[in-house]
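**Q** The structure under discussion is supplied below as structure tokens; questions concerning it will follow.
The values are calculated or read from the model by the stated rules, or taken from the named source; none is laboratory data. This structure is a prediction, so every number in the text was calculated from the model and none was measured. Cβ placement follows ideal geometry from the backbone for every residue including glycine, while neighbour counts extend to all protein chains displayed.
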Amino acid sequence: MATVLSVSGSPSASSRTGRLLRHLDQRLAAQGHEVIPLDVRTVPADALLGADFRHPAVVEATELFARADGVVVGTPVYKASYSGVLKALLDLLPQYALAGKTVLPLATGGSTAHVLAIDYALRPVLNSMGATHIVQGWFTLDKDITVREDGSVTVAPATAEALDQVVDQFATALHRIPLLAAAG
């Protein structure tokens with residue numbers, strides 16, 4: 001099976017975005033994929049903002065991207081775009097860090113006014129980084145994500161069904177990339 005890097009671009013430790021990603025990671029792991037979580041907020045701010053390409057945490061993140069067959073990128077939407085902390089990390093990765101990879105973009109936000117942030121803000125950056133295939137992304141309203149006292153997540157039924165579909169499409173696309181590479 002594939003190795004999936006699951007990247008949370010939220011600056012908050014209690015983020016619904018991060019918790020939703022970890023929830024979706026479980027679905028991918030149950031399908032037999034190796035899932036590696038990466039919370040960008042754990043990369044030291046001085047390394048991100050100082051563009052320290054040699055910082056051990058930046059080197060490690062770069063290696064995780066290189067190792068992955070697929071990448072799930074989740075971000076809260078701020079001012080109609082993806083988070084600044086995610087932007088800072090993406091800026092430090094090699095230009096074609098996503099070459100040969102299948103990518104699933106996900107976003108969360110408080111209003112449907114931000115639903116196009118995936119297609120107009122995040123997707124162009126992922127494409128410019130050489131992603132072989134960017135599957136259909138999904139925007140989830142914050143109100144559809146409930147965090148229980150134990151930290152687990154419940155997703156509103158209609159949203160959960162849609163998320164299951166996009167995650168399954170991503171998983172199916174992961175299997176196609178090696179076939180495309182072998183044919184080329």
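**Q** How about the range 65-184: which helices (runs of 4 or more DSSP H) wholly inside it have at least 2 residues that are farther than 25 Å from A51 by Cα and either touching a His at 6+ places or on another chain (Cβ under 6 Å) or touching a residue at least 12 places away in the same chain (Cβ under 8 Å) (or both)?
**A** The qualifying helices (runs of 4 or more DSSP H) are 157-183.
**Q** Identify the single condition in (1) over 27 Å from R67 (Cβ atoms); (2) of a type outside the set (G, A, S); (3) at pLDDT below 95 that R176 does not satisfy, given that it satisfies every other one.
**A** Of the numbered conditions (1) over 27 Å from R67 (Cβ atoms); (2) of a type outside the set (G, A, S); (3) at pLDDT below 95, the odd one out for R176 is (1).
**Q** Restricting to the range 18-59, name every residue that is out of contact with any strand residue (DSSP E or B) (no Cβ under 9 Å at 6 or more places or on another chain), over 19 Å from G137 (Cβ atoms), part of a helix (DSSP H, G or I) and not β-branched (V, I, T).
**A** A30, A45, D46, A47, L48, L49, P56, A57
**Q** Go through the residues of the range 46-66 one by one and say whether even a single one is within 22 Å of Q165 (Cβ to Cβ) and of a type in the set (G, A, S).
**A** Scanning the range 46-66, I find no residue that is within 22 Å of Q165 (Cβ to Cβ) and of a type in the set (G, A, S), so the answer is no.
**Q** Can you find even one residue in the range 107-115 that is closer than 18 Å to V72 by Cβ, in contact with a Leu (Cβ under 6 Å, 6 or more places away or on another chain), buried (at least 20 other Cβ atoms within 10 Å of the Cβ) and not small (G, A, S)?
**A** no
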